[in-house]
Amino acid sequence: MKEKLLSGSDPARDMTDAIASEFLSSNLHVDVKRGHIELMGHPVMLFRFEFLAAIQKQLEETIGASAKGILYLAGQRAAEEVLPAMADRLKELPPGRDSSVALRRMSDTWATIGVGRAMITQFEPEVGRFTFRIENGTLPAAYGPADKPVCHLWAGWAAGVAKQLFGGEAQCEEIRCLAVGDPACEFVIKPHP
C-alpha cells in the first residue's frame, strides 16, 4: 500500500516507510517485566542477522555440507508451522493465480521485519512454479563473502509457503546470492519431482 503526500511545493513523497513504521509500532508489544515481545500477538525475538549467520557458519563448520539441508528443512518447517497461524488472513484468498496476492503480502511482511525487499519475478500457478528475488538481503550481508549461495533458510521457507498455498510438495533453489557477489538473491520454486 503506497500513498503520496504533497507537502507545499515539495514533490510527492512515498509514505511506505511511514505506513510500515506505524504498522509495527501499533502491533509490537513489549512486556519488560516478563521479558517478552509480541508482534500481532505472536512471540518474537529481536536480534541482529549476524546472530543467525554465526549459527549457520557454526553448523557448516561442524557438520559440513549437511548444514544446507538442515537449514532448508528448518525454514520449510517454520513456514508450515507459521502459516496456519496466518490462515485467518489468507483463507479468504482463492487458490491459484490469486495466490499472488498472498505472496505479495508475505513479501511486504518480510520487508517490515528486515529480511530485505522480496519481489515475485515470475508466477505460474498452473504449473506450481514461481521465482522471486530478495534485494538488500540482510542475512547474506551479515554472512559475508561466500563461494556458494547461503540463503538456505529462506529457500526452505519459500518451499514451505508454496506447499501451503498450492497444496503440493515444492522445492526451492537459490540460483543467485548477494554473498557470492550477485546484485540480489534469486530463487526458483517448482513442484517436487
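What to note about this one:
- Filtered residue count, segment 87-128, keeping only those that are surrounded by fewer than 16 Cβ atoms within 10 Å (Cβ to Cβ), modelled with pLDDT of 65 or more and of a type in the set (G, A, S): 1
- Pairs where the first residue, in segment 45-67, is closer than 17 Å to G114 by Cβ and the second is aliphatic (A, V, I, L, M) and assigned to a helix (DSSP H, G or I), C-beta under 6 Å, 6+ apart: F49/L139; F49/A142; E50/A142; A53/A142
- Looking only at segment 51-69, and only at residues there that are of a type in the set (S, T, N, Q) and surrounded by 11 or more Cβ atoms within 10 Å (Cβ to Cβ), the one that is nearest to the chain's Cα centre (by Cα): Q56
- Residue that is farthest from the chain's Cα centre (by Cα) [pool: residues in segment 152-193 that are crowded, with 21+ Cβ neighbours inside 10 Å and of a type in the set (F, W, Y)]: F187
- Residue in segment 77-86 that is in the same structural domain as F187 (by TED's automatic domain parsing), more than 21 Å from V188 (Cβ to Cβ), at pLDDT 85 or above and β-branched (V, I, T) present: no
- Subset of segment 37-50 that is under 27 Å from A162 (Cβ atoms) and under 18 Å from the mean Cα position of the chain (by Cα) - its residue that is modelled with the highest pLDDT: F49
- Of the residues in segment 155-170, at least one is among the polar types (S, T, N, Q) and in a helix (DSSP H, G or I).
- Scanning segment 141-193 for residues that are out of contact with any Lys or Arg (no Cβ under 7 Å at 6 or more places or on another chain) and basic (K, R) yields K148, K163, R176.
- For the condition loosely packed, with under 11 Cβ neighbours inside 10 Å, at negative phi, modelled with pLDDT under 80 and not charged (D, E, K, R), S7 qualifies.
- Selection count where residues are within 16 Å of G69 (Cβ to Cβ) and of a type in the set (D, E, K, R), scope segment 157-193: 3
- Any hit, segment 145-165, residues being at positive phi and in contact (Cβ under 8 Å) with a residue 12 or more places away in the chain: no
The values are calculated or read from the model by the stated rules, or taken from the named source; none is laboratory data. If you're wondering where the values come from, they're calculated on a predicted model, not measured in any experiment. Using ideal geometry, Cβ is built from the backbone for each residue, glycine included, and neighbour counts are taken over all protein chains shown.
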